[in-house]
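Enquirer: Provided herewith is a single structure, encoded as structure tokens, for subsequent inquiry.
The values are calculated or read from the model by the stated rules, or taken from the named source; none is laboratory data. Bear in mind that the values here come from a model prediction, so they are computed numbers and not experimental data. Counting neighbours? That spans all protein chains shown, and the Cβs are built from the backbone with ideal geometry, glycine included. Surface areas here come from the heavy atoms of the whole protein model, side chains and all, with no ligands, DNA or RNA. Shrake-Rupley method; radii C 1.70, N 1.55, O 1.52, S 1.80 Å.
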Amino acid sequence: MVWFLPALGLLLSFAAVGWQARQLRVFKQHLLRCEIGAAGCQAPQRAWLAQQAPVLASQFRFDAESADLLARAEVLFSANETELPAKRAHLKQALHWTEQAILLRPRWPYAYAARLGVQLQLGDLDANSDASWRAAWRYGPNEKRVLQTLAEAVFVYRDAGRATPTPAEPILQALVRRDRPKLIELGTRFGARDMLCPPGAALADDPLCQPANRL
């Protein structure tokens with residue numbers, strides 16, 4: 001019987017880890033539905049996420065991906081707020097979780113891209129956002145989600161009159177290869193024909209850059 005208690009403790013530990021993994025999967029599924037679009041994100045889904053996020057934050061054994069999920073949830077909560085102080089409060093909390101993810105996994109590009117995305121929404125374009133940009137580009141130059149955020153940062157920095165921490169064109173060219181529709185969407189949203197359409201630019205040969213189809 002001497003072996004029984006350690007074995008029981010190990011079994012309970014495995015059971016707890018397995019339960020947490022299942023709960024994280026369910027949380028991620030709900031979050032993805034809301035990130036994809038409003039059709040899959042009704043009030044019950046948002047309410048469930050809001051209820052479960054504090055549980056995840058306070059009771060789960062933590063890793064970088066858990067922190068990333070919480071950051072993404074806070075960004076979602078911010079988007080559903082109508083008052084600016086409430087929006088910023090959620091974004092500040094999201095920023096906290098992105099920094100936790102970076103501490104837990106210092107070379108994970110998604111964490112840096114997530115932090116950069118939050119900084120863009122907060123309008124905090126400074127040495128810290130520059131550092132997020134450089135790290136995201138350094139560690140994730142071929143990751144689609146990272147490139148999407150970096151490309152958006154290119155246009156946000158341009159509109160703010162701030163110099164980009166690294167050259168913009170390699171980022172835009174990389175996103176063309178990984179997610180051309182996203183770059184077109186960004187170009188349309190930011191009115192960036194002057195950046196995307198000149199000879200040699202990311203979308204120079206795209207039909208949307210022809211005179212009859214201006215962005």
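Enquirer: Taking interchain pairs and intrachain pairs at least six residues apart, which have beta carbon atoms under 6 angstrom, with the first residue in segment 124-146 and closer than 16 Å to ILE102 by Cβ and the second open to solvent by 70 Å² or more (accessible area, probe 1.4 Å) and assigned to a loop (DSSP other than H, G, I, E, B)?
Expert: So the pair list comes out as TYR139/ARG107.
Enquirer: Another question about this same structure. Between ARG178, ARG193, ARG158, ARG214, which is surrounded by 14 or more Cβ atoms within 10 Å (Cβ to Cβ) and modelled with pLDDT under 90?
Expert: Details: ARG178 fails: modelled with pLDDT under 90; ARG158 fails: modelled with pLDDT under 90; ARG214 fails: surrounded by 14 or more Cβ atoms within 10 Å (Cβ to Cβ).
ARG193 is the lone residue from the list that is surrounded by 14 or more Cβ atoms within 10 Å (Cβ to Cβ) and modelled with pLDDT under 90.
Enquirer: Here's a follow-up. Kindly indicate whether ARG33 is surrounded by fewer than 13 Cβ atoms within 10 Å (Cβ to Cβ), at pLDDT 50 or above and either touching a Ser or Thr at 6+ places or on another chain (Cβ under 6 Å) or in a helix (DSSP H, G or I) (or both). If you could, list the steps in order and put the result at the bottom.
Expert: Details: surrounded by fewer than 13 Cβ atoms within 10 Å (Cβ to Cβ): no; at pLDDT 50 or above: yes; either touching a Ser or Thr at 6+ places or on another chain (Cβ under 6 Å) or in a helix (DSSP H, G or I) (or both): yes.
No; evaluated as a whole, the condition is false for this residue.
Enquirer: Mind checking which residues of segment 66-93 are under 18 Å from the mean Cα position of the chain (by Cα) and more than 21 Å from SER129 (Cα to Cα)? Lay out the reasoning, then the answer.
Expert: Narrowing segment 66-93 to residues under 18 Å from the mean Cα position of the chain (by Cα): 66-80, 87-93.
Hits for segment 66-93 are SER66, PHE77, ASN80.
Enquirer: Also, I was wondering about something else. Within segment 64-111, take every residue that is among the acidic types (Asp, Glu) and open to solvent by 70 Å² or more (accessible area, probe 1.4 Å) and give me the one that is farthest from GLU143 (Cα to Cα). Break it down into steps so the answer makes sense when it comes.
Expert: First, the residues of segment 64-111 that are among the acidic types (Asp, Glu): 65, 68, 74, 81, 83, 99.
Adding the requirement that they be open to solvent by 70 Å² or more (accessible area, probe 1.4 Å) leaves 65, 83, 99.
Numbers: GLU65: 16, GLU83: 33, GLU99: 20 Å.
Across segment 64-111, the extreme among qualifying residues is GLU83.
Enquirer: Ok, one more. Looking only at segment 41-58, filter to residues that are without any contact (Cβ under 8 Å) to a residue 12 or more places away in the chain and of a type outside the set (A, V, I, L, M, F, W, C); which one of those is surrounded by the fewest Cβ atoms within 10 Å (Cβ to Cβ)?
Expert: Per the stated criteria, the residue is SER58.
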